[in-house]
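The values are calculated or read from the model by the stated rules, or taken from the named source; none is laboratory data. Treat the numbers as computed from the prediction; the structure is a model and nothing was measured. We place every Cβ from the backbone using ideal geometry, glycine too, and count neighbours over all the protein chains shown.
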Amino acid sequence: MFQKVYAVFFSPTGNTKVLTETLAEQLAVSYDVPCEVIDFTRLQARTVPENTERVPSGTDWNQFSHQYTFTPDDLVVFGMPTYAGKLPNKILPFVRSGFAGNGAAAAALVTFGNRSFDNALAELCACLNEGGFATIGAAAFAAQHAFAWDEKAPAFRKVYNQYLEHETADVFAEKDPTAAAGTADMMTEDRQAGMPGFGRPDPRDFNELKAFGKAIQKKITEWSAVPGNRTELSEAKSQSIFVPGKADAPYYTPTGLDGKPENFLKAKPKTDWERCTGCGTCAAVCPMGSIAGRDGRWETTGICIKCHACVKACPEGAKYFDDEAYLSHRAMLVRDYTKRCEPCWFV
Ligand SMILES: Cc1cc2nc3c(=O)[nH]c(=O)nc-3n(C[C@H](O)[C@H](O)[C@H](O)COP(=O)(O)O)c2cc1C
Ligand code: SF4
Ligand code: SF4
């Protein structure tokens, strides 16, 4: 049926990676074919190799030639996280231009932080179809929100708790009376468990992922029974699966505790210099290649997409965001989006 299954993903904090790889491996085992991983999280994986055409600086990503090419004998599980209800806007041009489907079958998968995937799955399906893939299945899985996890950074705990105590304790008091206690520590274990998507994906999610994989296989088997179906598979655009949302919808506008829009587009992570050892891990994991260091002081000098890869990877808990608009949005997520969102899938 297929010669190879691919796990293709962008995944700064690892949720999308684990789900995409697990599904791809499951499908590879079922078809008894190899599974290859294409992780384009790092900037190097999205840069045109030296031996292809030279790209002058300032060139639009859209003009890049395809880097990753597939065939109709491939089955590709393509995973992306939801950012502001869509695909990460700085990575979107590469998703559009970096892959040539050539009729390969694709399963689209998005993760989201238990708020909503809004239009992300629709956008991913549209990108894959435009890129020449036959999208035969699509799924959205809730996962731990990159903005609200069990941060180790003491500097973050301090600014966040200060923010909550001084600005908003009364708001939380309505939902959680212990938060009104003046010195309420919002980072207690109870509060962590009440974070959007805490501990996800979990065993229930992985069971759903298995069911999604089985449904994809069933659909492929049904199509295989139709003579000449290989062409049909590659022309699946015409019989596109239905997914909720609109590919060309605007981005979600983050709101704060007061329900008003919050803008933290310019926010960048800070470094707690008392804890930083200068190891450079943060620079190595930044998907934008935006952390540069001089004399062991690693700082964000370029574009920051707020992905939290550096925050999560820092072994010392020295990276953190302290932007007020960000803190307010984060607190709103913790207040309003802890009710479990179940995964959903479409074939
Ligand atoms: C900048 C940014 C924006 C996000 N926007 C949303 C969103 O609109 N809705 C949502 O439910 N989760 C949102 N999330 C949470 C991510 O979708 C979620 O944490 C995802 O699993 C991260 O994927 P990764 O672990 O593969 O990096 C956002 C995360 C980031 C970093
Ligand atoms: S990963 Fe943490 S400790 Fe290492 S250089 Fe970056 S901020 Fe410093
Ligand atoms: S600096 Fe910004 S883009 Fe780079 S890893 Fe940290 S949060 Fe992500």
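Tell me, please, whether a residue that is more than 20 Å from Gly213 (Cα to Cα), in contact (Cβ under 8 Å) with a residue 60 or more places away in the chain and more than 16 Å from ligand 3 (Cβ to nearest atom) can be found in segment 133-153.
Step one: filter segment 133-153 for residues more than 20 Å from Gly213 (Cα to Cα), giving 144-153.
With in contact (Cβ under 8 Å) with a residue 60 or more places away in the chain added as a condition, the list becomes 144-149, 151-153.
Subset that is more than 16 Å from ligand 3 (Cβ to nearest atom): none.
No, segment 133-153 contains no residue that is more than 20 Å from Gly213 (Cα to Cα), in contact (Cβ under 8 Å) with a residue 60 or more places away in the chain and more than 16 Å from ligand 3 (Cβ to nearest atom).
Going through segment 113-131 one residue at a time, which ones are in contact with a Gly (Cβ under 8 Å, 6 or more places away or on another chain), of a type outside the set (S, T, N, Q) and touching a residue at least 40 places away in the same chain (Cβ under 8 Å)?
From segment 113-131, those in contact with a Gly (Cβ under 8 Å, 6 or more places away or on another chain) are 113-114, 116-123, 128, 131; that's our starting set.
Checking the rest, the ones that are also of a type outside the set (S, T, N, Q) come to 113, 117-118, 120-123, 128, 131.
Of everything in segment 113-131, those that are in contact with a Gly (Cβ under 8 Å, 6 or more places away or on another chain), of a type outside the set (S, T, N, Q) and touching a residue at least 40 places away in the same chain (Cβ under 8 Å) turn out to be Gly113, Phe117, Asp118, Ala120, Leu121, Ala122, Glu123, Leu128.
Taking the criterion of being closer than 23 Å to Ile91 by Cβ and within 15 Å of ligand 2 (Cβ to nearest atom), would at least one residue in segment 263-277 satisfy it?
Initially, segment 263-277 is screened for residues closer than 23 Å to Ile91 by Cβ, giving 263-269.
Remaining after also requiring within 15 Å of ligand 2 (Cβ to nearest atom): 268-269.
Taking every residue of segment 263-277 in turn, at least one turns out to be closer than 23 Å to Ile91 by Cβ and within 15 Å of ligand 2 (Cβ to nearest atom).
Quick one: in segment 72-99, which of the residues that are part of a strand (DSSP E or B) and charged (D, E, K, R) is nearest to Met288 (Cα to Cα)? Can you show your working first?
Quick first cut of segment 72-99, residues part of a strand (DSSP E or B) only: 74-81, 83, 86, 99.
Okay, now just the ones that are also charged (D, E, K, R), so 74, 86.
On the way: Asp74: 29, Lys86: 18 Å.
Among those that are part of a strand (DSSP E or B) and charged (D, E, K, R), it is Lys86.
Does segment 6-37 hold any residues that are under 15 Å from the mean Cα position of the chain (by Cα) and either among the hydroxyl-bearing types (Ser, Thr, Tyr) or part of a strand (DSSP E or B) (or both), and which are they? Can you show your working first?
Residues of segment 6-37 under 15 Å from the mean Cα position of the chain (by Cα): 7-21.
Within segment 6-37, Ala7, Val8, Phe9, Ser11, Thr13, Thr16, Thr20 qualify.
Of the residues that sit in segment 100-119 and are part of a strand (DSSP E or B) and closer than 19 Å to Leu209 by Cβ, which one is farthest from ligand 2 (Cβ to nearest atom)? Quick ask: steps written out before the conclusion?
In the first step, residues of segment 100-119 are kept if they are part of a strand (DSSP E or B); the result is 100, 105-112.
From the residues that got through so far, the ones that are closer than 19 Å to Leu209 by Cβ too are 105-112.
Values: Ala105: 39, Ala106: 35, Ala107: 34, Ala108: 33, Leu109: 29, Val110: 28, Thr111: 24, Phe112: 26 Å.
Result: Ala105.
Each row is one residue, and each column tells you yes or no for (1) away from ligand 1 (no atom under 12 Å from the Cβ); (2) modelled with pLDDT of 95 or more; (3) in the same structural domain as Tyr163 (by TED's automatic domain parsing).
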{"site": "Ala284", "(1), (2), (3)": "yes, yes, yes"}
{"site": "Ile291", "(1), (2), (3)": "yes, yes, yes"}
{"site": "Arg294", "(1), (2), (3)": "yes, no, yes"}
{"site": "Cys304", "(1), (2), (3)": "no, yes, yes"}
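From the list Arg335, Arg330, exactly one residue is assigned to a helix (DSSP H, G or I), in contact (Cβ under 8 Å) with a residue 40 or more places away in the chain, more than 16 Å from ligand 3 (Cβ to nearest atom) and of a type outside the set (Val, Ile, Thr). Which is it?
Working: Arg330 fails: more than 16 Å from ligand 3 (Cβ to nearest atom).
Only one candidate qualifies: Arg335.
Please indicate, with yes or no, whether at least one residue in segment 330-346 is within 13 Å of ligand 1 (Cβ to nearest atom) and among the small types (Gly, Ala, Ser).
no
Just checking, how many residues over segment 284-311 are crowded, with 18+ Cβ neighbours inside 10 Å and either part of a helix (DSSP H, G or I) or within 7 Å of ligand 2 (Cβ to nearest atom) (or both)?
Residues that pass the stated criteria total 5.
Go through segment 108-143 and report how many residues are under 22 Å from Phe264 (Cβ atoms) and surrounded by fewer than 24 Cβ atoms within 10 Å (Cβ to Cβ).
So the answer is 4.
Considering only residues that are near ligand 2 (Cβ under 10 Å from one of its atoms) and of a type in the set (D, E, K, R), look in segment 313-331 and name the one that is surrounded by the most Cβ atoms within 10 Å (Cβ to Cβ).
We begin by selecting, within segment 313-331, every residue near ligand 2 (Cβ under 10 Å from one of its atoms); these are 313-320.
This time we only want the ones that are of a type in the set (D, E, K, R), so: 316, 319.
Details: Glu316: 18, Lys319: 28.
Here the residue is Lys319.
May I ask you to say which residue of Gly259, Gly278, Gly289, Gly293 is near ligand 3 (Cβ under 10 Å from one of its atoms) and more than 30 Å from Gly137 (Cα to Cα)? Walk me through it before giving the result.
Details: Gly259 fails: near ligand 3 (Cβ under 10 Å from one of its atoms); Gly278 fails: near ligand 3 (Cβ under 10 Å from one of its atoms); Gly293 fails: near ligand 3 (Cβ under 10 Å from one of its atoms).
The unique qualifying residue is Gly289.
Hey, among Gly132, Gly182, Gly137, which residue is at positive phi and at pLDDT 90 or above? Let's see the steps before the verdict.
Working: Gly182 fails: at pLDDT 90 or above; Gly137 fails: at positive phi.
Just one listed residue meets the conditions, Gly132.
Restricting to segment 250-283, count the residues that are assigned to a loop (DSSP other than H, G, I, E, B), over 20 Å from Tyr326 (Cα atoms), in contact with a Phe, Trp or Tyr (Cβ under 9 Å, 6 or more places away or on another chain) and among the hydrophobic types (A, V, I, L, M, F, W, C).
Of the residues in segment 250-283, 2 are assigned to a loop (DSSP other than H, G, I, E, B), over 20 Å from Tyr326 (Cα atoms), in contact with a Phe, Trp or Tyr (Cβ under 9 Å, 6 or more places away or on another chain) and among the hydrophobic types (A, V, I, L, M, F, W, C).
If Glu342 satisfies all but one of (1) assigned by TED's automatic domain parsing to the domain that holds Asn161; (2) part of a loop (DSSP other than H, G, I, E, B), what's the number of the condition it fails?
It fails just one condition, (1).
If you scan segment 84-110, which residues turn out to be within 16 Å of ligand 3 (Cβ to nearest atom) and either in contact (Cβ under 8 Å) with a residue 40 or more places away in the chain or within 14 Å of Thr135 (Cα to Cα) (or both)?
Of everything in segment 84-110, those that are within 16 Å of ligand 3 (Cβ to nearest atom) and either in contact (Cβ under 8 Å) with a residue 40 or more places away in the chain or within 14 Å of Thr135 (Cα to Cα) (or both) turn out to be Ala84, Leu87, Pro88, Asn89, Lys90, Ile91, Phe94.
With respect to Phe198, is the statement that it is modelled with pLDDT under 95 and within 13 Å of ligand 1 (Cβ to nearest atom) true? First the steps, then the outcome.
Numbers: modelled with pLDDT under 95: yes; within 13 Å of ligand 1 (Cβ to nearest atom): yes.
Judged against the criteria, Phe198 is a match.
Going residue by residue through segment 259-276, is there one that turns out to be among the hydrophobic types (A, V, I, L, M, F, W, C), out of contact with any Cys (no Cβ under 8 Å at 6 or more places or on another chain) and closer than 20 Å to Thr47 by Cα?
There is no residue in segment 259-276 that is among the hydrophobic types (A, V, I, L, M, F, W, C), out of contact with any Cys (no Cβ under 8 Å at 6 or more places or on another chain) and closer than 20 Å to Thr47 by Cα.
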